[in-house]
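Data block below; observations after.
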Amino acid sequence: MKKILPLIAVGLIFAASPAYADKVRDWHDLEKVHSEVAHALEHMHRAQAANHYDMGGHAAKAEADLRNVEAELREAVEFVKHDKTPQ
């Protein structure tokens, strides 16, 4: 369990990275990824509680990484929604 959570966080970061590769006009996909990251944060909290918050600091670091991913995705969605540049 201790090794799975950081792997999930890294996997989500890599899964979200293609969203930044090309100009995206359909922000619904980004919004879905944002929602999944928020859901992963909920799972992280349950896993931490189940392990009595004793995960050697790794869960806290993974949570911080997920929060950064969540913030970047939120900003990306807002940017694409309001970007008026021609396609």
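Would you say E75 is of a type in the set (D, E, K, R) and surrounded by 14 or more Cβ atoms within 10 Å (Cβ to Cβ)?
no
Six or more apart or on different chains, Cβ atoms under 8 Å: show the pairs whose first residue is in region 45-56 and closer than 18 Å to R67 by Cα and whose second is loosely packed, with under 11 Cβ neighbours inside 10 Å and of a type in the set (A, V, I, L, M, F, W, C).
Filtered contacts from region 45-56: A47/M1.
Could you check the chain for helices (runs of 4 or more DSSP H) lying wholly inside it with 2 or more residues that are at pLDDT 85 or above and within 13 Å of the chain's Cα centre (by Cα)?
Correct list: 27-50, 58-82.
The values are calculated or read from the model by the stated rules, or taken from the named source; none is laboratory data. Keep in mind that what you see is a predicted model, and the values were worked out from it rather than measured. Don't worry about glycine lacking a Cβ; one is built from the backbone with ideal geometry, like all the others, and counts go over all protein chains shown.
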